[in-house]
Amino acid sequence: MKLHRSHIIHAAFILVGLIFLTRLFFIQVLSDEYRLAAEKNIIQPVVEYPYRGAIYDRHGDFLAYNVPIYDLMVIPKEVKHLDTLAFCQDFGISPQTFDEAFKKAKAYSYVKPSFFIKNLSQETWAEIQDHVAEYPGFFVQARTVRQYPTPMLANTLGYVGEISPQQLAKDTSHYYKQGDMIGISGLEKSYEKALRGERGIRYQVSNAQGIAQGSFKEGAFDRVSVPGEDLKTTIDTALQMYGEQLMENKLGSIVALVPQTGEILALVSSPSYNPNLLTEKDFSNHFVALEKDTLAPLFHRPIMAMYPPGSIFKLHQALIALQEKVVYKNTSYTCNKKLLKCHPHPSPLSLHQAIQHSCNPYFHHVFRNIVNQKVSNNSYKDTRLGLEKWCGYLKRFGLGTALGIDLPGEKGGCVPDAKFYDKRYGKGCWKASTIRSLDIGQGELLITPLQMANFAAIVANRGYYYTPHLVKQIGARSILPEEEDKHEVAIDRAHFELIANAMQGAVEGGTAWRAHIKGIAICAKTGTAENPHGADHSVGIAFAPSENPKIALAVYVENAGWGSRAAASIAGLLIEKYLQGTVSRAWLQNYVLKGDFFH
Ligand SMILES: [Zn+2]
């Protein structure tokens, strides 16, 4: 029994020993094989950047599209036995560049992929693609960058750039990752979510030599990228290009739109820049130079610059006075130059003639009649009440607040109200004579070129406007103006007819004569806005034809003097170009292109 028992114990020891041995065999031999296999096959996540939606003009021509570029990526942990010198030679970089890039990648993550050389050109990619496989830990990732077939409309299109740490920190959706591109300004920013699409990921298996072995688990964990949506804008490329050409060597803006819909046809900001400068290559160098430029080419004047409107504001005054029944069609005043300086024209004159000849003293009376309606015997109180009424009308014209264009950074201008003057002069310490610079659109009143063009659209429509906008289609979805985008200004249609008529008179025998084109009934009003910082600004608004108008616009040329010169000429040329496709008056075009309007 003892022997038997000892045998059993012995056998048990042997069994246990065998189990241990087997375990050891598995641990040392078989699992080593697994480990080696794992080491040989590397699973690499490859980001698939979505196609960024293209941007088209209203006729379906490209404004912005994409070209492919390639980034050399690195996963520091997987870099082994690297011959740095050979690598530098193959990829055409210096050892210092290599060291810096490798240090940066390691600092970001030892195990995650980082950019090593960004933005390889098509040629460089063709040269190096055979070498990449020789360097474990390195791989090439394809993505696209913007290209602009016509170098125009830079501030409206905006630019795309690498996401900043601040933007990353603010991203509550947690979509973005370091190194991602994002729309920074213009339409690229406004429509970022539609344009960008959704990033995809592909898990790729490579052997120790870096040679691709196919997808991991047959793509079971892959996520396909979703392309961004294309934008169809309201821009008319031919008109935009012509507008930019006419504004060369000048400072200022052109805004042209379709009055009945608020669709922007052209949005010129001058000076501007070639949008191709701010695609990825040399972005920072170009950006710094543009930012330092004292003429501010990155400042989007049509929506951000706030100016005194000058004499075009006489039209606002006339409409308010007519509606308030404090001025009538036949109200007549003499051109009393003691009240305000003026230029030679017939006198006394009617409202129609006062608009046609832009008579300053006439509009001194008009504004007085609006703000002093004798509601109170106290002239200070009376002006206060009148001014508040006046402000109410201006707000309905879309002044004093941003109109809501689909671009970032739009400014609202300034409509000075009673509170504004209380702050400046003290409550009860100002009356009509204190604020008389408002008579003819000077003083504290500030309007953006977009608001001026929108006003031209209001007169063209005889009393309403649709919120100005630049995008009419996202992907396959049409963006139709909604009821809340329609704004009625609460002034009778008949008053607008009178104003439109007088504007036509200004073109056919008044201050806007340079805008005249045979066969087209153009309505326009010019202005010369006094500028406390230098030479006067040249201003003009127009629409055409008078009945069923197709285009409304505003032209603002800084420091260019008389509105009847630069602004009226540019307005006339643009209207002819848009309605007839050609420009018949070469003399006027030369006058604008060669004219020394920039002081
Ligand atoms: Zn006058």
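For the reader, a short list of remarks on this structure follows.
- Test: residue in the stretch 427-435 that is part of a loop (DSSP other than H, G, I, E, B) and of a type in the set (D, E, K, R): yes
- Residue in the stretch 278-297 that is touching a residue at least 24 places away in the same chain (Cβ under 8 Å), in a helix (DSSP H, G or I) and on the phi < 0 side of the Ramachandran plot present: yes
- Test: residue in the stretch 107-117 that is modelled with pLDDT of 90 or more, under 37 Å from the mean Cα position of the chain (by Cα), over 30 Å from residue 276 (Cβ atoms) and surrounded by fewer than 18 Cβ atoms within 10 Å (Cβ to Cβ): yes
- Here residue 401 meets the list (1) free of Cβ contacts under 8 Å to residues at least 24 places away in the same chain; (2) within 13 Å of the ligand (Cβ to nearest atom); (3) within 30 Å of residue 303 (Cβ to Cβ) almost entirely, failing just condition (2).
- In the stretch 373-399, the residues that are over 38 Å from the mean Cα position of the chain (by Cα), of a type in the set (A, V, I, L, M, F, W, C) and in a helix (DSSP H, G or I): 385
- Among the residues making up the stretch 156-175, a single one is polar (S, T, N, Q) and in contact (Cβ under 8 Å) with a residue 24 or more places away in the chain: 156.
- Single residue of the stretch 78-126 satisfying the filter (among the hydrophobic types (A, V, I, L, M, F, W, C) and part of a loop (DSSP other than H, G, I, E, B)) that is farthest from residue 138 (Cα to Cα): 93
- From the list 178, 204, the one residue that fits, being in contact (Cβ under 8 Å) with a residue 60 or more places away in the chain, in a loop (DSSP other than H, G, I, E, B) and not aromatic (Phe, Trp, Tyr), is 178.
- Within the stretch 430-481, the residues that satisfy the criterion of being in contact with a strand residue (DSSP E or B) (Cβ under 8 Å, 6 or more places away or on another chain) and without any contact (Cβ under 8 Å) to a residue 40 or more places away in the chain are 444, 463, 464, 478, 479.
- Considering only residues in the stretch 546-565 that are at pLDDT below 85 and not hydroxyl-bearing (Ser, Thr, Tyr), the one that is nearest to residue 514 (Cα to Cα) turns out to be 565.
- Sub-7 Å Cβ pairs linking a first residue in the stretch 123-150 that is within 22 Å of residue 66 (Cα to Cα) to a second residue that is buried (at least 16 other Cβ atoms within 10 Å of the Cβ) and basic (Lys, Arg), at least 6 apart or interchain, are 144/52, ordered by first then second residue.
- Of all residues in the stretch 136-150 being among the aliphatic types (A, V, I, L, M) and modelled with pLDDT of 85 or more, the one that is nearest to residue 206 (Cα to Cα): 140
- Within the stretch 558-572, the set of residues being farther than 18 Å from residue 305 by Cα and in contact with a helix residue (DSSP H, G or I) (Cβ under 6 Å, 6 or more places away or on another chain) comprises 568, 569, 570, 571, 572.
- Test result for residue 411, surrounded by fewer than 20 Cβ atoms within 10 Å (Cβ to Cβ), within 21 Å of residue 540 (Cβ to Cβ) and away from the ligand (no atom under 16 Å from the Cβ): yes
- Here the condition is being at pLDDT 95 or above, within 24 Å of residue 465 (Cβ to Cβ) and of a type in the set (S, T, N, Q); of 253, 311, 332, it holds for 253 alone.
- Residue match in the stretch 49-67 (condition: surrounded by 17 or more Cβ atoms within 10 Å (Cβ to Cβ), over 30 Å from residue 151 (Cβ atoms) and in contact with a strand residue (DSSP E or B) (Cβ under 8 Å, 6 or more places away or on another chain)): no
The values are calculated or read from the model by the stated rules, or taken from the named source; none is laboratory data. Just so we're clear, the structure is a prediction, and the values are computed from it rather than from any experiment. As a convention, Cβ positions derive from the backbone with ideal geometry for all residues, glycine included, and neighbour counts pool all protein chains shown.
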